[in-house]
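The values are calculated or read from the model by the stated rules, or taken from the named source; none is laboratory data. All figures in this text were calculated on a predicted structure; none of them were measured in a lab. Cβ atoms come from the backbone with ideal geometry, glycine included; neighbour counts cover every protein chain shown. Side chains are part of the model used for accessible areas, which takes the heavy atoms of the whole protein and leaves out ligands, DNA and RNA. Shrake-Rupley method; radii C 1.70, N 1.55, O 1.52, S 1.80 Å.
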Amino acid sequence: VEVDPDPSAAPPQNVDDNLYRLMVLSVLLESNDADLAPLKRYLRRDGPALSRLSCRRAWNLADRFGLLIRDYEYARQDALIQPWLQNKLGLSDRTREPMERAQRALFQAIIREPDGKRALLGQDGKTFKTFPQYAMERLTSPTPPRQTNGLVHFFGFTEISALHARVINWLAQC
C-alpha cells in the first residue's frame, strides 16, 4: 500500500549495513572535522599514509559505528538523532561528550545536504535513505498521507522498535 503523499517522488533506495559501513569508513579516513579527534587518535594514522593497523582499526570502527548509528535511528531517535539533526547533543553526561560529538560528526557527515556521503551517492538522481530517515520525514511532514481503503492485520507488536510502532500508528490513520 503506497501512502507517500508525493506520488511523483521516486521511492528511496535503501541504505543497508554495508553501504552505511562504507560511508562511515569514508568519513573516518577523509574528514578533518575536529569533533572526530578521539576516533582519529584511535586510528593511529601516521600522516597521510595508512598502516595495516590503521586500516584494521578504521574498518572495525566503521563497522561498529555504522551499526551503532543505525541502531540509534531505531531505538534512540528522540534521545540522540533528533538533537543531532539540530546540531545539539542528546546526552547530558559530560564524561561522554567527546564521544557523542564524534558520533554526531559521523552522522552529520553522512546525512548532510548537499555534500554529505548519502547525497553524493544520489548524484545520479536516486535518493538514498535508511528506513528511519524516510519514516521520520513522512511522520513529520505537514502533508497528510494518501488515504487507502486497505485493511492490515499486524501481529507481534511487542517485538518491534518504538520507531516501527510510530510508523504503524501513523499508517493506521491513513
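A few remarks follow.
- With the cut-off at under 13 Å, measuring from each backbone N in segment 24-42 to a point 7 Å along the Cα-to-Cβ line of Q108 picks out 32-37.
- The lysines whose alpha-carbon is closer than 20 Å to the alpha-carbon of K40, local same-chain residues fewer than 8 away aside, are K117.
- Per residue, the accessible area of the chain comes to 61 Å², computed with a 1.4 Å probe over protein heavy atoms only.
- Our estimate of slack between S141 and D124, defined as 0.36 nm per intervening residue step minus the Cα-Cα distance, is 3.6 nm.
- Spin-label model, R41 to A79: label points 7 Å out along the Cα-to-beta-carbon direction sit 2.5 nm apart.
- Relative contact order (%) - the chain, alpha-carbon pairs under 8 angstrom, separation at least six: 32
- With each label modelled as a point 7 angstrom along the Cα→C-beta vector, the R64-S26 pair spans 2.3 nm.
- Inter-label distance, R166 to L50: 3.4 nm, where each label sits 7 Å from its Cα along the C-beta direction.
- Taking the accessible area of the chain, probe 1.4 Å, and keeping the other protein chains in place, the carbon and sulfur fraction comes to 52%.
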